[in-house]
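Below is one structure, written out as C-alpha cells; comments come after it.
The values are calculated or read from the model by the stated rules, or taken from the named source; none is laboratory data. All values derive from a computational prediction rather than experimental measurement. Here the Cβ positions follow ideal geometry from the backbone for every residue, glycine too, while neighbour counts run over all protein chains shown.
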Amino acid sequence: MKYALITDIHGNLAALEQVLKKVDSEHCDKIICLGDVVGYGPFPNECLAQVKKRVDGVIVGNHDAAAIAMTDTSDFNENAKKALIWTRRQLTPENRDYVRTFSTTWDENGALFVHASPKEPTLWHYILTDKDVMDASLFFDHRVCFFGHTHYPIAYYFDPLLPDFTFLRESTIVFKDQGRYLVNVGSVGQPRDRNPQAAFGLFDTAEGTYRHVRVDYDIKKTQAAMEMQRLPRFLIQRLQSGW
C-alpha cells in the first residue's frame, strides 16, 4: 500500500493543488491528511472541498477544532487568533459539519497517524525538544507514528537496544526490521524549515520506505489572496521565507 501523507494545509489552496498533482503522478493508493486543513490561509472552504473529494482519512488539527469552537485557543498567538476569527466567519455550515467528522487519530497498516503527538492527541502537544520526543515515544507501540503540527519535517528512530533516539534527516527512510519511528511529514501550506516549497510524504508499506517530497507552488497567488482578505502581514510574509 502506498500512502500520500499531507498535513497543515492551512487554507493554502495553491499549495494543496500542486501537492495533489504530484500525488497523482506517484499513483498512491490512499491519501491521509494529518490535520489543520484550515487556519492562517485564505481558502478554508476550498481546501476542505478538495480534502473531502480526494482524501481517504482526515485527522483533526488544533486549527480545525478551533475553527468550530471545539478546542481552547488560549495558546494561539495574536496572528493565529486573528486568522482564526476570520476563518470562523468564512466556514459554511456544511464544512463545519464536515470538520466535526474528522478523526482524533488514524491506525492502519502498522502505522499510527496523529496531528500533534500520540500523547494526549487533542491537547496538541508540540514535539520539539528531546524530552518531547521521548515522551511521545511512550504513547505508541506501532512501527511508525506520523505527525505534523510543527510544520517542520524531521524523523526520529528508536533502537530497541539503545536508551535514546537517533535523528534522521535524510529525505528517504528505509525502515529497519527492529525499532520504531516518529516522523513529521512537514507542511503543505506553511512550511517552517526555511524551505518555502510545499511538503508532504510518501509511505510505502510494500517497500518499507518513507520519502519526503517538496513541490513548488505559486506563493504570490496565495499572498495576494491573503492581502485581499487583510490577513495578518506576518502570516503573508512568512510564506516567502518558509519560516
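From TYR210, TYR217, TYR181, grab the single residue that is within 17 Å of PHE43 (Cα to Cα), outside any helix (DSSP H, G or I), in contact (Cβ under 8 Å) with a residue 12 or more places away in the chain and among the aromatic types (Phe, Trp, Tyr).
Sole residue among the options that is within 17 Å of PHE43 (Cα to Cα), outside any helix (DSSP H, G or I), in contact (Cβ under 8 Å) with a residue 12 or more places away in the chain and among the aromatic types (Phe, Trp, Tyr): TYR217.
Here is a yes/no grid of residues against (1) touching a residue at least 40 places away in the same chain (Cβ under 8 Å); (2) among the β-branched types (Val, Ile, Thr):
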position: ILE6; (1), (2): yes, yes
position: ALA15; (1), (2): yes, no
position: GLN50; (1), (2): no, no
position: ASP56; (1), (2): no, no
position: TRP86; (1), (2): yes, no
position: ARG89; (1), (2): no, no
position: PRO93; (1), (2): no, no
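Could you pull out the residue among GLU94, GLU17 that is loosely packed, with under 15 Cβ neighbours inside 10 Å and either in a strand (DSSP E or B) or at pLDDT 95 or above (or both)?
GLU94
Just to verify a result, which residue in region 178-209, among those that are aromatic (Phe, Trp, Tyr) and over 14 Å from the mean Cα position of the chain (by Cα), is nearest to LEU13 (Cα to Cα)?
PHE203
In region 46-62, which residues are in a helix (DSSP H, G or I) and either in contact with a Leu (Cβ under 7 Å, 6 or more places away or on another chain) or over 20 Å from PRO121 (Cα atoms) (or both)?
Passing the criteria: GLU46, CYS47, LEU48, ALA49, GLN50, VAL51, LYS52, LYS53, ARG54.
Given the residues GLY57, GLY35, which is the only one that is crowded, with 24+ Cβ neighbours inside 10 Å, of a type outside the set (S, T, N, Q), within 17 Å of the chain's Cα centre (by Cα) and modelled with pLDDT of 95 or more?
The unique qualifying residue is GLY35.
Being of a type in the set (Ser, Thr, Tyr), part of a loop (DSSP other than H, G, I, E, B) and either over 19 Å from ALA66 (Cα atoms) or within 16 Å of the chain's Cα centre (by Cα) (or both) is the filter here; which residues of region 97-136 pass it?
Matches in region 97-136: THR104, THR105, SER117, TYR126, THR129.
Could you list, in sequence order, the residues of region 184-207 that are within 18 Å of ASP29 (Cα to Cα), out of contact with any helix residue (DSSP H, G or I) (no Cβ under 6 Å at 6 or more places or on another chain) and either without any contact (Cβ under 8 Å) to a residue 24 or more places away in the chain or not aliphatic (A, V, I, L, M) (or both)?
Answer for region 184-207, where residues must be within 18 Å of ASP29 (Cα to Cα), out of contact with any helix residue (DSSP H, G or I) (no Cβ under 6 Å at 6 or more places or on another chain) and either without any contact (Cβ under 8 Å) to a residue 24 or more places away in the chain or not aliphatic (A, V, I, L, M) (or both): GLY201, PHE203, ASP204, THR205, GLU207.
Going through region 49-94 one residue at a time, which ones are farther than 27 Å from VAL23 by Cβ and among the basic types (Lys, Arg)?
Hits for region 49-94 are LYS81, LYS82, ARG88, ARG89.
Are any residues in region 167-215 at pLDDT below 95 and of a type in the set (S, T, N, Q), and if so, which ones?
Answer for region 167-215, where residues must be at pLDDT below 95 and of a type in the set (S, T, N, Q): SER171, GLN178.
Could we say that ASP72 is assigned to a loop (DSSP other than H, G, I, E, B), closer than 20 Å to THR105 by Cβ and out of contact with any His (no Cβ under 9 Å at 6 or more places or on another chain) here?
In short, yes.
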